[in-house]
Amino acid sequence: MRIQLFVADTDQSHIDHVARCVARCPDIRMVGTGSNGAHVLRQLSVTPADVLITEVQLPGLDGIMLIRDLQKQRTGPAAIVCTGFYSQACVARARACGAAYYMYKPLDYTRLPEVIRECHRARLRDAAVAGTDETEANLQRAMRALLRECGMPARLNGTAYLAVALEAAGADPALIKNLSKGLYPAVAERMRTTPACVERALRNAIYVACERGELDARFGHCPTNREFILYLLDQLVLRCPG
């Protein structure tokens, strides 16, 4: 898929130079231009871009404030700031607002395509990390909710061990094949205890939940550690697919 590029600048000759430069790059396509920061912000809400090249001094909304507002959008473009005036304060302000790169005019247009590509790659990496963080947060919320629904008291060591067990088993399903040699030692290592303590603590937490009557409808009996862990894993798959 081609990198979608937007250029915001009051200097038409600069825009023309960028256009000629990327026209020779089959993987980059210019999707729009603008000379007013406020207008550009509106344009990008309609025509999203992967990378934005912007001058600092724009009417309506300066380039750095434009970047700041775009960064509030999770799908905002990677931003390359261009200016003819060197200022350490301006560079620091641009970086603080989320600029990916800072270039001085007149630009070395021979380098520009690779700068665009690198900023785009960084944007994709950041998006992947954010997506992973969000997925992990959703999984943690679902896990806590599920343990509460099953009547697992938060004060018990076994409840904490169960949460770690679910994380470990989700990352390496092979640990479930043999709890004594796989899952229990993995949890024990994380929690700085022994596999025997993990087994007893899980058993106790399940027993307490059964005493509360929370597991009757699900099992009709007090499940074994294996039965309960497999049940929890199945429920997490249903609640957090993928």
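The values are calculated or read from the model by the stated rules, or taken from the named source; none is laboratory data. Here the structure is a predicted model, which is why all the values come from computation and not from measurement. As a convention, Cβ positions derive from the backbone with ideal geometry for all residues, glycine included, and neighbour counts pool all protein chains shown.
Annotation: of all residues in the stretch 173-222 being in contact (Cβ under 8 Å) with a residue 60 or more places away in the chain and among the basic types (Lys, Arg), the one that is surrounded by the most Cβ atoms within 10 Å (Cβ to Cβ) is Arg218. Applying the condition of being closer than 22 Å to Asn178 by Cβ and surrounded by 14 or more Cβ atoms within 10 Å (Cβ to Cβ) to the stretch 228-242 and asking which residue is modelled with the lowest pLDDT yields Leu236.
For (1) farther than 21 Å from Arg20 by Cβ; (2) under 28 Å from the mean Cα position of the chain (by Cα); (3) of a type in the set (D, E, K, R); (4) at pLDDT below 90, each residue gets a yes or a no:
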site	(1), (2), (3), (4)
Asn36	yes, no, no, no
Leu52	no, yes, no, no
Gly84	no, no, no, yes
Arg95	yes, yes, yes, yes
Pro113	no, yes, no, no
Leu124	yes, yes, no, yes
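All conditions in (1) assigned to a loop (DSSP other than H, G, I, E, B); (2) surrounded by 19 or more Cβ atoms within 10 Å (Cβ to Cβ); (3) charged (D, E, K, R) hold for Arg123, with the sole exception of (1). Scanning the stretch 61-75 for residues that are under 21 Å from Pro48 (Cβ atoms) and touching a Gly at 6+ places or on another chain (Cβ under 8 Å) yields Leu61, Gly63, Met65, Leu66, Ile67, Arg68, Leu70, Gln71. Return the residue satisfying two criteria in turn: it lies in the stretch 7-19 and is without any contact (Cβ under 8 Å) to a residue 40 or more places away in the chain and of a type outside the set (Gly, Ala, Ser), and of such residues it is nearest to Arg121 (Cα to Cα). Result: Ile15. State whether the residues of the stretch 10-18 include one that is assigned to a loop (DSSP other than H, G, I, E, B) and of a type in the set (Gly, Ala, Ser). No, the stretch 10-18 contains no residue that is assigned to a loop (DSSP other than H, G, I, E, B) and of a type in the set (Gly, Ala, Ser).
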